[in-house]
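Here is the structure we will look at.
No lab work stands behind these numbers, since they all come straight from the coordinates. Because the structure is a prediction, the values reported are computed rather than measured. Quick reminder, even Gly has a Cβ in these numbers, built from the backbone with ideal geometry, and neighbours come from all protein chains shown.
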Amino acid sequence: MLRGLAGMGEIDLTAVVNVGDDDFIYGLALSPDLDTVTYTLADLHSETRGWGRDDETWNVMDELDRFSIDSSFRIGDRDLALNLYRTTRMAEGASLSEVTAEITRAFELGTTLLPASNDRIATQVESAGSWLDFQDYFVRRRHAVAVSGVRFVGIEDARPAPGVLEALDGADAIVIGPSNPILSIWPILDVPGVRDAIAGHTVMVVSPLIGGRAVKGPLADVMPAFGLSPDTSGVIDSYGGLATDLVVHHGDEPHHEVAARIHVSDTRIADPASATRLAKEMLAWLA
């Protein structure tokens, strides 16, 4: 969705990105969501894997497999270079937002990328009475375990990264992409000050459901644990009244009245052309 909006050219676009998935793996500071956004906007994202770069090699991982360590979290060689750079710069004292700006310039992106916070926030999910780090749940266990709760460790004391509140306060409209509300968007909204900065704006949410099902990820498995129905009504309810507009796929309209304007389109945006087409429709609705 962001790629489609970025391709419009005539809008000043800022992306506030989740950092709840960030972790330290192999001694490296990983920011998976920031990197996915970077690679996607640079047309380097792997569409087949859904993460990492398309033009990858795996020499380092192949060598790590020689040793008796857990190498189930796979990082390609080119992706490794970016993470080495981030880790080195942060060890030198640079903040995550400063490093993100440097990476944005290196990849010549025209969109401003802002981490939701420079402070450490760790998404954890509860399953069978135990709390699992997000990457353990999502990557190592392939989100195949039942979820009964979620928490964002450290979020109470976190502060929005520089520029986040200013970008939200000054926005003509705020778009929330077709992501898992609980695992990908709540870690942004729950950063102190962010929800208040969004309230009162035009907020267009793009539903992650097509044909009543998430295109990928554990949305339907997670939402019932929070009293949310795994459908369009549950998506709108998950935002607690913030959404003023909801974009849904044909046939996914809510079955009862909701406190948001409903826009219906083909929301399959797996390629740049379809993302641009939907972005044009969205800007027309927001005008």
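With a Förster radius of 41 Å applied to the beta-carbon distance between GLU156 and ILE262, the computed FRET efficiency rounds to 0.75. Within the stretch 4-136, antiparallel bridges make up roughly 65 percent of the DSSP beta bridges whose residues both belong there. Residues whose amide H falls under 5 Å from that of VAL17, counting only those 5 or more places apart or on a different chain, are LEU114, ALA116, with hydrogens built in the peptide plane. In loop segments of the stretch 57-107 as defined by DSSP, the trypsin sites (Lys or Arg not before Pro) with at most 13 further C-beta atoms inside 10 Å of their C-beta are ARG66.
A crude spin-label estimate for the pair ALA199 and GLU10, with each label 7 Å from Cα along the Cβ direction, gives 3.5 nm. With a Förster radius of 35 Å applied to the C-beta separation of PHE24 and GLU102, the computed FRET efficiency comes to 0.95. For HIS45, the residues whose amide H sits under 5 Å from its own are THR40, ASP54, ignoring neighbours fewer than 5 places away on the same chain, with H placed 1.01 Å from N.
Length available on full extension from HIS255 to ALA128: 0.36 nm per residue minus the Cα-Cα distance, which gives 42.4 nm. Between THR57 and SER72, full extension at 0.36 nm per residue minus the direct alpha carbon distance yields a gain of 3.8 nm.
Here the contact order of the stretch 1-141, divided by its residue count and restricted to Cα pairs under 8 Å and six or more residues apart, works out to 29 percent.
For the stretch 76-155, which chymotrypsin sites (Phe, Trp or Tyr not before Pro) pass both filters: DSSP loop (anything but H, G, I, E, B) and at most 16 other C-beta atoms within 10 Å? Counting only loop positions with at most 16 other Cβ atoms within 10 Å, the chymotrypsin sites (Phe, Trp or Tyr not before Pro) in the stretch 76-155 are PHE107. Close amide H contacts of ILE25 (hydrogens built in the peptide plane, cut-off under 5 Å, sequence separation of 5 or more or a different chain): LEU30. For the stretch 11-134, the ratio of Cα radius of gyration to the globular rule of thumb 2.2 N^0.38 Å stands at 1.10. Over 18 Å, how big is the tail of the calculated P(r) for the stretch 10-69, in percent of all Cα pairs? More than 18 Å apart: 51 percent of the Cα pairs in the stretch 10-69.
Only one residue of VAL191, GLY227, LEU84 has its Cα farthest out toward the positive end of the dipole of the chain, where Lys and Arg carry +1 and Asp and Glu -1 on Cβ, and that residue is GLY227. Given R0 = 41 Å, the distance between the Cβ atoms of ALA284 and LYS216 translates into a calculated FRET efficiency of 0.90. In the stretch 226-285, the C-alpha radius of gyration followed by the widest Cα-Cα span (Dmax) gives 12.4, 36 angstrom.
Charge dipole (Cα centre; +1 on Lys/Arg Cβ, -1 on Asp/Glu Cβ; no other charges) of the stretch 159-262 amounts to roughly 240 debye. Sorted on the mean count of surrounding Cβ atoms within 10 Å across their residues, most packed first, peptides 112-124, 266-278 read 112-124, 266-278.
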